[in-house]
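To start, the structure under review is shown below, and the notes come after it.
The values are calculated or read from the model by the stated rules, or taken from the named source; none is laboratory data. Nothing here was measured: the structure is a model prediction, and the numbers come from that model. All Cβ positions, even for glycine, are placed from backbone atoms using ideal geometry, and neighbour counts span all protein chains on display. The accessibility values were calculated without ligands, DNA or RNA, using every heavy atom of the protein model including side chains. Shrake-Rupley method; radii C 1.70, N 1.55, O 1.52, S 1.80 Å.
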Amino acid sequence: MAKKATIGTIADVTGLSLATVSRALSGSDAVLPHTRDKVLQVAKRLNYVRDRAAVRLKTGKTWVVAFIMDRRDVNQPAFKDLLLGVSDTLSGTEYHMIVLPDDKGSDPLASLRYVVERGLADAIVISHISPEDPRVKYLLDKKFPFCTHGRTRLTKARKNGEVAAVEHPFVDFANEAYADAAVAALVARGRKRLGILLPHEGATFRQHLLEGFTAACKKYGAQGQAVSNLDTDGSPDHIYSWAAKQAKQYDGLVATRESILVALMGGLTDCGLTPGAQIDVVSKYSTSLPLYMRQPLLGCFEDIALTGRLIAQNILHQLDASQGGAPANTLLSPPTIEVLHEQTKP
């Protein structure tokens with residue numbers, strides 16, 4: 001078996017000192033670029049792997065980014081693309097990602113405390129953000145690097161009595177703009193009695209969706225209503241049952257989760273509503289699922305993999321002291337609403 005390569009091995013091959021090799025491997029600016037490249041090339045050729053335990057003892061860094069997974073995400077087809085977007089971006093660096101499901105208990109900070117207080121990661125990613133999210137407050141107070149998938153509505157009072165928004169690192173999709181575009185597309189097709197199917201209570205993006213939908217219905221002269229007692233993070237049976245029994249009061253629906261589409265479209269058909277005829281449906285989507293449904297459907301693509309990449313870039317900016325300044329937060333604009341299936345195909 002080949003002997004494991006060490007810093008000493010690299011020093012012998014390159015003719016450089018142990019200190020220079022160590023600094024080059026850690027990305028120090030004290031090493032000239034051509035020297036660093038030489039060290040990295042030799043390290044790659046020798047299959048050198050850094051002893052992370054030793055590095056942590058010396059520097060305190062774990063080289064880990066922790067993604068705290070909301071348990072509802074297991075039902076979302078595109079969640080894997082979010083993870084891959086983060087992971088693929090980190091793969092070109094010394095950092096790697098671990099995924100930890102959030103704690104099943106009632107304390108929203110339990111998983112964060114577990115990571116932060118034990119020093120298990122250098123940065124954290126969280127999702128399903130609420131307007132007054134205590135997790136964001138905690139991480140800001142701890143000055144711990146993080147990025148959220150979504151925005152809060154946290155505020156702080158200034159000395160002059162004014163209220164200002166609390167800034168925090170985030171990447172988000174402009175759901176209020178999506179809801180506006182969805183209503184406009186439905187009204188353009190002659191729809192006037194619209195409903196929006198929303199995610200769980202408490203999420204900021206639910207508020208963004210509802211606010212965009214309500215304002216757009218007023219702007220475009222449509223009757224709009226948030227479907228009550230329905231959670232698009234819930235079971236497909238619930239979605240199907242609602243559509244089969246209550247959807248006839250609408251001629252246009254705005255869906256905010258592609259995971260509900262099979263149950264929703266099945267329920268519409270079984271209650272005698274033909275999509276594209278008596279009713280139209282607009283949905284956000286992030287996977288190819290809607291492309292194979294073969295029913296008339298309007299769609300708006302949300303690039304979740306891109307979101308993951310931008311989250312990782314935000315995190316890396318915070319972790320790289322040489323970058324300077326705060327990382328740019330990103331609010332992604334929705335693309336144009338598409339007609340996915342104008343006619344049912346055989």
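Gain in length, Gln249 to Leu84, computed as 0.36 nm per residue apart minus the alpha-carbon separation, to one decimal in nm? Net length gain for the segment: 55.4 nm.
Computed from the Cβ-Cβ distance with R0 of 41 Å, the FRET efficiency linking Leu291 to Lys44 stands at 0.55. Pull out a ≥ b ≥ c, the square roots of the eigenvalues of the alpha-carbon gyration tensor of region 113-184, then state rounded if a/c is under 1.5, prolate if not and a/b is larger than b/c, and oblate in the remaining case. Since a/c reaches 1.5 but b/c is at least a/b, the shape of region 113-184 is classed as oblate.
Between Asp303 and Arg153, the simple spin-label model (points 7 angstrom out along Cα→Cβ) gives 3.0 nm. What separates the Cα centres of region 244-260 and region 186-239 is a distance of 9 Å. How tilted is helix 304-319 with respect to the longest principal axis of the chain? Cα atoms for both, answer in degrees (0 to 90, nearest 10). The angle comes out near 40 degrees. At 4 °C and 1.567 mPa s, what whole-number value in µm²/s does Stokes-Einstein give for the translational diffusion of region 120-272, with Rh from the Kirkwood sum over Cα pairs? The estimated diffusion coefficient comes to 75 µm²/s. Here each label is just a point 7 Å from Cα along the line to Cβ, and for Arg71 and Phe144 those points are 2.0 nm apart.
Surface composition of the chain: carbon and sulfur make up 53 percent of the accessible area, probe 1.4 Å.
So how far, in whole Å, is the C-alpha centre of region 272-309 from the one of region 80-127? Distance between centres, Cα-based: 30 Å.
For the peptides 198-207, 332-341, the ranking by mean Cβ contacts within 10 Å, running from highest to lowest, is 198-207, 332-341.
Share of antiparallel DSSP beta bridges in the chain, in percent to the nearest 5?
Here the antiparallel bridges make up roughly 10 percent for the chain.
Solvent exposure of the chain amounts to 50 Å² per residue of accessible area, where only protein heavy atoms count and the probe is 1.4 Å.
Using a simple spin-label model with pseudo-atoms 7 Å out from Cα toward Cβ, Asp12 and Ala165 lie 5.8 nm apart. Derived from the Cα gyration tensor, the three semi-axes of the equivalent ellipsoid of region 157-245 are 29, 19, 11 Å, largest first. Prolate is the label for region 258-346, because a/c, from the alpha-carbon gyration tensor with a ≥ b ≥ c as root eigenvalues, is 1.5 or above and a/b exceeds b/c. Here the extension length gained between Val339 and Asn229 equals 36.7 nm, from 0.36 nm per residue of separation less the Cα-Cα distance.
The computed Rg and Dmax of the Cα atoms in Å for the structure shown corresponds, within [x] 29.5, 100; [y] 24.6, 78; [z] 20.3, 60, to [y].
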